[in-house]
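The values are calculated or read from the model by the stated rules, or taken from the named source; none is laboratory data. Predicted, not measured: the structure shown is a model, and the values here were computed from it. A quick note on method: Cβ atoms are made from the backbone with ideal geometry, for glycine too, and the neighbour counts reach across all protein chains shown.
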Amino acid sequence: MTDEAAVTIDLNPREQRFYDRIRTRVAAPNPGTRSGMRDVLLMLPDLTVLLMRLVGDRRVPLSSKVIAIAGVGYALSPIDLVPTLIFGPLGLVDDLLVVTAALSRLLNHVHPDVVRSHWSGKGDALDSIQRATSWSETFLTQRIGGTLRGWVRSAGR
């Protein structure tokens with residue numbers, strides 16, 4: 001890892017993307033502070049917007065676009081494995097799992113600079129995706145895997 005100074009570019013409001021303007025109003029950047037609850041809540045929209053932008057990029061292969069469309073479609077679909085209307089914020093977990101899986105697959109076929117060019121979230125896009133993917137894998141193996149093992153044990157009795 002290299003020690004490069006962060007470069008901040010201030011865009012004219014007309015040059016900013018619509019989502020970027022909304023995000024800036026909701027979660028004003030505070031350099032040097034730890035991630036707060038707003039950043040955690042904004043991770044799923046940031047990742048979903050990233051997928052949508054990658055779909056429109058001509059540098060992304062068609063097969064990767066199909067995966068990105070599937071991820072966005074699931075995140076935007078009112079039909080979920082864990083309904084948000086019933087479970088509240090916990091209902092966003094399945095959306096986050098699908099979106100991070102789509103991004104993980106996509107990163108193997110798209111140059112990192114292309115991904116970074118479409119990122120609206122704080123920090124480096126690849127670091128954020130890695131954090132979300134790592135959390136998803138931990139959640140799947142520990143939480144869901146533990147629950148399934150418990151069900152199998154109780155069914156075997």
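Restricting to the stretch 115-147, and then to whatever is among the basic types (Lys, Arg) and at pLDDT below 75, can you tell me which residue is nearest to residue 98 (Cα to Cα)? Don't jump to the end; show me each part of the working.
Step one: of the stretch 115-147, the residues among the basic types (Lys, Arg) are 116, 122, 131, 143.
Subsequent filtering for residues that are at pLDDT below 75 retains 122, 143.
Numbers: 122: 21, 143: 16 Å.
Within the stretch 115-147, the match that is nearest to residue 98 (Cα to Cα) is 143.
Restricting the search to the stretch 71-92, which residues are among the aliphatic types (A, V, I, L, M) and either farther than 17 Å from residue 135 by Cα or surrounded by 21 or more Cβ atoms within 10 Å (Cβ to Cβ) (or both)?
So the first thing to find is which residues in the stretch 71-92 are among the aliphatic types (A, V, I, L, M), and the list is 72, 75-76, 79, 81-82, 85-86, 90, 92.
Within the stretch 71-92, 72, 75, 76, 79, 81, 82, 85, 86 qualify.
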Residues in the stretch 115-134 that are of a type in the set (Asp, Glu) and not in a helix (DSSP H, G or I): how many?
-> 1
Does at least one position in the stretch 94-115 carry a residue that is over 14 Å from the mean Cα position of the chain (by Cα) and among the β-branched types (Val, Ile, Thr)?
-> yes
Determine whether the stretch 91-114 contains at least one residue that is at pLDDT 80 or above, touching an Asp or Glu at 6+ places or on another chain (Cβ under 7 Å), assigned to a helix (DSSP H, G or I) and farther than 24 Å from residue 20 by Cβ.
-> yes
